[in-house]
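The values are calculated or read from the model by the stated rules, or taken from the named source; none is laboratory data. Small disclaimer: the values here were computed from a predicted structure and weren't measured. In this analysis, Cβ positions are derived from the backbone assuming ideal geometry, glycine residues included, and neighbour counts consider all displayed protein chains.
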Amino acid sequence: MSTSIIVGYRPFPGRTDLVVSILLEIYEAMQRAGLITARRPWIMRSGDGDVVAAFDMTDEYSFAASEKLRDVSVLRARLMGVAERLPLANLPESGQPYAEFETTTEYPAPAASAAR
């Protein structure tokens, strides 16, 4: 049985595509290190524009192990420069029996690639 991590972010104005792009870079770095499975993350948007990402972790995953990866630490710092972490309970959708989110389909969004 695998473990999944779900995390929410509130992008700073105009930074949503960049948040998605950085999350995908984090996924790639952690997958290369064997901490995340090959399953692509689910990256979704809430009704008020917050970004929610769900990752499947391998048995080798721990937050401490991911923090030892220089690439991941740098990317997380970059992410915190364009968004704030958000408890899932703060999402309006979390109060509903069925939380519905818009699922992103482009990885990464074209505007995010140009913003780097």
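Below is a table of values for the structure above.
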{"item": "Residue pairs meeting the criteria (Cβ under 8 Å; at least 6 apart or on separate chains; first modelled with pLDDT of 90 or more and part of a loop (DSSP other than H, G, I, E, B), in the stretch 77-99; second among the β-branched types (Val, Ile, Thr) and crowded, with 16+ Cβ neighbours inside 10 Å)", "result": "Val82/Val19; Val82/Ile22; Leu91/Val52"}
{"item": "Qualifying residue in the stretch 19-37 (condition: out of contact with any His (no Cβ under 9 Å at 6 or more places or on another chain), of a type in the set (Asp, Glu) and farther than 15 Å from Thr103 by Cα)", "result": "yes"}
{"item": "Subset of the stretch 38-57 (residues that are in contact with a strand residue (DSSP E or B) (Cβ under 8 Å, 6 or more places away or on another chain) and farther than 20 Å from Glu102 by Cα)", "result": "Met57"}
{"item": "Members of the stretch 79-97 found to be out of contact with any Pro (no Cβ under 7 Å at 6 or more places or on another chain) and surrounded by 15 or more Cβ atoms within 10 Å (Cβ to Cβ), listed by number", "result": "Leu79, Leu86, Leu91, Glu93"}
{"item": "Any hit, the stretch 7-15, residues being at pLDDT 90 or above, touching a Phe, Trp or Tyr at 6+ places or on another chain (Cβ under 9 Å) and not hydrophobic (A, V, I, L, M, F, W, C)", "result": "no"}
{"item": "Qualifying residue in the stretch 60-74 (condition: modelled with pLDDT of 90 or more, touching a strand residue (DSSP E or B) at 6+ places or on another chain (Cβ under 7 Å) and over 15 Å from Ile36 (Cβ atoms))", "result": "no"}
{"item": "Any pair with Cβ under 6 angstrom, 6 or more apart, that starts in the stretch 37-49 at a residue that is farther than 17 Å from Ser21 by Cα and ends at one that is at pLDDT 90 or above and basic (Lys, Arg)", "result": "none"}
